[in-house]
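Okay, structure first, notes after.
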Amino acid sequence: MAAAVSSVVRRVEELGDLAQAHIQHLSEAAGEDDHFLIRASAALEKLKLLCGEEKECLNPSNLLELYTQAILDMTYFEENKLVDEDFPEDSSPQKIKELISFLSEPEILVKENSMHPKPCSLLGDELLECLSWRRGALLYMYCHSLTKRREWLSRKSNLLQKYLVDGITYLLQMLNYRCPIQLNEGVSFQDLDTAKLLSTGIFSDIHVLAMMYSGEMCYWGLKHCADQQSENHEVATGASCTIHKEPLDFREVGEKILTKYVSVCEGPLKEQEWNTTNAKQILNFFQHCCN
């Protein structure tokens, strides 16, 4: 265990140095101070100081949390830039790959060092959910832009499908990190609607949004990539880590997730007025296009 801890500390320090250099480059290119880059840099400076202490006294979980928070802030700055520029066709594929790699590194690091059976033992459920959400949401936004480019779609629908499958898998992963809370006599809730949400695995508004994003991506897949459905596709969490090798059935997954979305939004979340119009239209599309 001591060797594993030491290995994680060294690797986190190396990754922190690389991220700090990347932030410096981003700041210089931007020509102005950015709140997220400043916060990311500060977290990495704190990480560097901690890594200089006695290795035996270091808590790998604290180091990983600092590094992960820095990566989340740094990549958020770059994601906003991509969105503002509407995902430039020439540079976006490489930039998306780079951002996915950054956001995958904390989870990969824990798995490669086999310090715990589950990554959540070191990173925690909320950070793991955030990493998966950010990867899935990034690919959702990118695919949303791509679906508006008819000429690109006519040439590269196979690439769209890969991005869609990757994004859907990250979002489903995010939704499944925490198990639904089992309601019984030993668990007390003052708010029945909250209890219903927790019992279905919905812990935040982001979980609700992830369901809608997943369903919408399934719709794009069925609409634009129907000819590719029979092929197998791998979903990568990073440069070399594959989590899904089976074909993803856009209709089956989309129907299941959007049916749950509508049920939740028109049930426990009814007072919050989540819009279900688009979800119902997509469900109708699923039913008619495949019959």
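The values are calculated or read from the model by the stated rules, or taken from the named source; none is laboratory data. It should be emphasised that the depicted structure is a prediction, and the values quoted were computed from it without experimental measurement. Note that we place each Cβ from the backbone using ideal geometry, even for glycine, and neighbour counts take in every protein chain shown. The accessibility values were calculated without ligands, DNA or RNA, using every heavy atom of the protein model including side chains. Shrake-Rupley method; radii C 1.70, N 1.55, O 1.52, S 1.80 Å.
General remarks:
- Under 15 Å, Cβ to Cβ, from ASN275 - net charge with Lys/Arg +1 and Asp/Glu -1: -3
- For the range 35-179, the Cβ-based charge dipole about the Cα centre amounts to some 560 debye (Lys, Arg positive; Asp, Glu negative; other atoms uncharged).
- On the beta carbon distance between GLU85 and ILE38, with R0 = 22 Å, the FRET formula returns roughly 0.50.
- The slack in the chain from SER101 to GLU151, taken as 0.36 nm per residue of separation less the alpha-carbon distance, amounts to 15.2 nm.
- Ranking of HIS25, HIS224 by solvent-accessible surface, largest first: HIS25, HIS224 (1.4 Å probe, protein heavy atoms only, all chains present).
- Once the 1.4 Å probe is applied to the protein heavy atoms, the range 65-112 comes out at 44 Å² accessible per residue.
- At an R0 of 45 angstrom, the distance between the Cβ atoms of HIS144 and GLU54 translates into a FRET efficiency of 0.40.
- Under the combined filter of DSSP loop state and at most 13 neighbouring Cβ atoms within 10 Å, the range 255-291 retains these GluC sites (Glu not before Pro): GLU266, GLU273.
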